[in-house]
Each structure stands twice: as structure tokens, then as C-alpha cells.
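Engineer: This is the structure, below, for whatever I ask next.
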Amino acid sequence: WGTVEMVEWTSYEGKELRGLLYKPEDFDSTLSYPMIAYFYEDYTSMIHTHYIPKPTASIIYPTEYVSNGYIIFIPDVEYISGHPAQSAYDCIVSGTDYLTQKYHWIDSTRLGLQGQSWGGYQTAQLVTMTTKYRAAMAGAPVSNMFSAYGGIRWGSGYSRMFQYERTQSRIGYTIWEKPELYIENSPIFGLPNVSTPLLIMHNDGDGAVPWYQGIELYMGLRRLNQPVWLLNYNGDQHNLMKTANRRDLSIRMRQFFDYYLKGDSKPVWMDRGVPA
């Protein structure tokens, strides 16, 4: 079932941070393990949460991954208004550095990232800011805060502007007041810096983050000849609702990370895709 413990470190900006570290049940400190960082705001309050093994709707479950030879790291992220991307970098990457320097059994050459929605955005952003991670998976990511700003949330009909100005994205200004902040925090503008293989899931039934955000990210990386894959589960939602799709994503995401972080064989779908 694995174990979990609290870890604490100081960020690059001097913040005292906490996170969760999950290890395999049969953990052996003489071995070398790949590590995946998953994140979404604040997770340390969920240290006693048990993740039932089951097909995933969008994220990696620590129970499954530690049972297959991974270390899982879930850092808390503290944000500075106007700079969510830099905040994520300061917290997540500094935590990664802390763990790889402290523990010889974490292989610093086999690191991964995974996030969904707000976490998917941060994953897409982080691979433009560092080459530390060998593979990354972004679910339902915003890639362009300009084009996303002018849209609506399909389910409610709400303008998307409020969330960029005042809520989760925390920019604090309109695109006309501070366009430079929207550029700074949009992965699309940093894609020439990307070399990390990226798996994207974005579904055409997504009512929270329009799936053309995933398309923009995918097409940009393809144009730049970078390794990228896009999974679209037709008619499914922001987080997968159909059991068959959850099973499929669980398999493909594990195959993707196992290929890059554990040296397993490359699955056929990564070479040939799936015919339309």
C-alpha cells in the first residue's frame, strides 16, 4: 500500500514549505527510484487520505504508482499574485531539488511531472522553465491566457475573465492593464524552451477549460518538432466520467511514464498514434 510522510524545505525565495512523500511498501534505500511530482494547490492536509486503486479520471494515484516502483512527491504551492508560474517553479522545483539532494535513492535523472486542470497548466508552464524533468503529463491545461481569457465556461456560461483576474490564476489585472503578466504566465510563449516529452489530455466535452487550449499547446510543440501527444476522449468531460476512458487513460499514462522513467518498451500508440 505504500507509506506517506511529511517533508519540509525552504524554497528558493525563502518560504518554509511542506509536501507529502509517498514510498513503496517494500522500499529499499539501496535501490534507485524514479520520482513523479504531482500538485494542486495545498495537499498536506490530506496526508491521511487513502487512494483506492482504481482507474483514474485525470491524475496519478500514489497507491498505484508506489506499488509499481515509483516515489511520489506532492508539494504544497504558495502563490504570489501576478506570478503563478514563478510561484509554482519556486515551490515545486525547489522541493524536487531538496529531495534529490537529500535522498540518494531518488534518481535525479528520472523525474516526472503530472497535473490536471490548474495543475495541468502548471505542468505545461514548468516544462518551459526547466529541463529537470524527463517526462510530463498535463491534463486539461490552459496554454494561452489571452485566448482563454475571452472565452466562457461551457457548463455555466460564465465569462472566463474572472478566474484570470481574481481567482485561481491570480493575475490581478485585465489583459489590457498588464498584458506582460499574461505573456509571462502563458506556456504558449515559452514553447521554444521545451525539450521535455509531454503527454496532454484534453477532451472536447470539457466545460471548465475549453479543449482548444490543449490543441494550441499540442500544435505549438508539434510545430517546434518537440515530442508531444494529445489524448482527446470524445464527448467526455474535464475529468473523465466514462469508465472505459478512465481505464484507457490509466494504461496510457503509466505506459508513458514507464517508457521515459523506467526504460520500458515504447507502446505502439506513442509511435503510430490512433487513426481518427
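Residues are listed down the side, and each one gets a yes or a no for (1) farther than 19 Å from Thr100 by Cβ; (2) without any contact (Cβ under 8 Å) to a residue 12 or more places away in the chain; (3) part of a strand (DSSP E or B):
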| site | (1), (2), (3) |
| --- | --- |
| Met6 | no, no, yes |
| Tyr12 | no, no, no |
| Tyr40 | yes, no, no |
| Tyr51 | yes, no, no |
| Thr56 | yes, no, no |
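Engineer: Please determine, by comparing only the residues of the range 1-50 that are of a type in the set (S, T, N, Q) and closer than 29 Å to Gln125 by Cα, which one is modelled with the lowest pLDDT.
Structural biologist: Thr49
Engineer: For the range 192-200, state whether one or more residues are within 22 Å of Gln168 (Cα to Cα) and touching a strand residue (DSSP E or B) at 6+ places or on another chain (Cβ under 9 Å).
Structural biologist: Yes; the residues of the range 192-200 include at least one that is within 22 Å of Gln168 (Cα to Cα) and touching a strand residue (DSSP E or B) at 6+ places or on another chain (Cβ under 9 Å).
Engineer: Within the range 197-235, take every residue that is out of contact with any helix residue (DSSP H, G or I) (no Cβ under 8 Å at 6 or more places or on another chain) and among the small types (Gly, Ala, Ser) and give me the one that is surrounded by the most Cβ atoms within 10 Å (Cβ to Cβ).
Structural biologist: Here the answer is Gly214.
Engineer: Identify the single condition in (1) open to solvent by less than 70 Å² (accessible area, probe 1.4 Å); (2) over 23 Å from Val127 (Cβ atoms); (3) modelled with pLDDT of 95 or more that Thr167 does not satisfy, given that it satisfies every other one.
Structural biologist: Here Thr167 meets the rest and fails (3).
Engineer: Something else: Across the range 232-265, what is the total count of residues that are over 24 Å from Lys132 (Cα atoms), touching a residue at least 24 places away in the same chain (Cβ under 8 Å) and among the hydrophobic types (A, V, I, L, M, F, W, C)?
Structural biologist: Total satisfying the criteria: 3.
Engineer: Filter the range 236-247 down to the residues that are open to solvent by less than 50 Å² (accessible area, probe 1.4 Å) and out of contact with any helix residue (DSSP H, G or I) (no Cβ under 6 Å at 6 or more places or on another chain), then identify the one that is farthest from Pro267 (Cα to Cα).
Structural biologist: It comes out as His238.
Engineer: Now, a different point. Looking only at the range 134-164, filter to residues that are among the hydroxyl-bearing types (Ser, Thr, Tyr) and in contact with an Asp or Glu (Cβ under 9 Å, 6 or more places away or on another chain); which one of those is most open to solvent (accessible area, probe 1.4 Å)?
Structural biologist: Taking the candidates together, the pick is Ser147.
The values are calculated or read from the model by the stated rules, or taken from the named source; none is laboratory data. Being a predicted model, the structure only gives us computed values, none of them experimental. FYI the Cβ positions are ideal-geometry reconstructions off the backbone, even for glycines, and counts take in every protein chain you see. The accessibility values were calculated without ligands, DNA or RNA, using every heavy atom of the protein model including side chains. Shrake-Rupley method; radii C 1.70, N 1.55, O 1.52, S 1.80 Å.
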